[in-house]
Amino acid sequence: MANPTNYASVTDTEKLVKLILYIIALIVGVTGNSLVLVILARKSRRVVNDFFIINLAVADLTLLIFSVPITVLFYEESRFTAFVCKTVWPMMTIANNVSIFTLTIMAVCRCHVILNAFRPDIQQTTVVRSIALAWTLAAFLLLPLIIVAEENPKGAGCEENWTNLESRRAYTASLVILQYVLPLVAIAIAYVWIGVDLWKPERYMATSWATQDRKGREKRRKENVQIVKTLATIVVLFAICMLPGHIAWMLADFGGKSENNVAMIILRFFDLLVYVHSCMNPIVYGTLTKYFRREYTRYFKFVFCCNAELKALHHSKSHHRSHEHIHGVTL
């Protein structure tokens, strides 16, 4: 959970700088992820990967919409209710869990599709069930945290009220393993397996196949390579942005006083990385995927061109009315 520091000790300059960055992240993240949802909602035929991208966008929007306003309330030193501490505050961790679980499922599904090219594609119902499972597991993993979360009686914000240090340490270690280490290991194994398979030219260019068949298989191989590159980039960004937080919590719960001080410094700025990560997936899609890049361009042209046309039309009507008025006076 972010924001573990006492914000009464934070300088006004730091509050202002971070608040500006939060607002920028909120605008960029909500705009980008909403655009992704609009683009995929208007798509005539959605593939399996589209459903996972939709889920990632929903998770990022959930994090931004719930977490950024709460952070602003922290700066205002508002007192929280027990309801906010047990429902709204943990949503950041739930959203992060959903993101990494979805990325893991995407890697496993992509591995299955590539390694079993001659089998039927994964059904959409299976994808929807796996997404529902990701949200269920994410919420279940947060149950202990929801139970111990309560309003901080000494000031603004929420805190974790564990009965003993051992329980806190066990839960911290479990989170590090279940929401970071194991998913990334599973993803790495899947992508290594995929890489070994994709870079087998003989599998796609066998001389016994017809020329047209070979061209189709080579095209599919290139598409799979592009998808894997995009997903791998998203996974690497997630790993980089989430690593400082996990290190900090391990230092805070398992280290001494000096390690705890280092942990508090890291956690003081860690939430910014989380918000930045929630803005990056749409940028990755636009950078590495031709479809999203084309759709982004089309929507931006529509917005800006329409505004320009409306201004030109308004100017033309004003000029026309002015001309009519002058013409009437002349007559």
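His277: net charge of surrounding residues, Cβ under 14 Å, Lys/Arg +1, Asp/Glu -1, itself excluded?
Summing Lys/Arg as +1 and Asp/Glu as -1 gives -2.
Could you please tell me the mean projected area of the C-alpha convex hull for the stretch 98-183, averaged over all directions and given in square nanometres to one decimal?
7.3 nm²
Ignoring ligands and nucleic acids, what accessible area does Trp193 show with a 1.4 Å probe (Å², nearest 10)?
Number for this one is 150 Å².
Please compute P(r) over all alpha-carbon pairs of the stretch 9-48, binned at 5 Å starting from zero, and give each bin as a whole-number percent.
Reading the bins upward from 0: 6, 20, 15, 14, 11, 10, 8, 6, 5, 4, 1.
Counting heavy atoms of the protein chains only and a 1.4 Å probe, report the per residue accessible area for the stretch 224-283 as a whole number of Å².
For the stretch 224-283, the per-residue accessible area is 42 Å².
The values are calculated or read from the model by the stated rules, or taken from the named source; none is laboratory data. Remember, it's a predicted structure, so these values are computed and weren't measured experimentally. Positions of Cβ are backbone-derived with ideal geometry, glycine not excepted, and every protein chain shown enters the neighbour counts. For accessibility, only protein heavy atoms count, side chains too; no ligands or nucleic acids. Shrake-Rupley method; radii C 1.70, N 1.55, O 1.52, S 1.80 Å.
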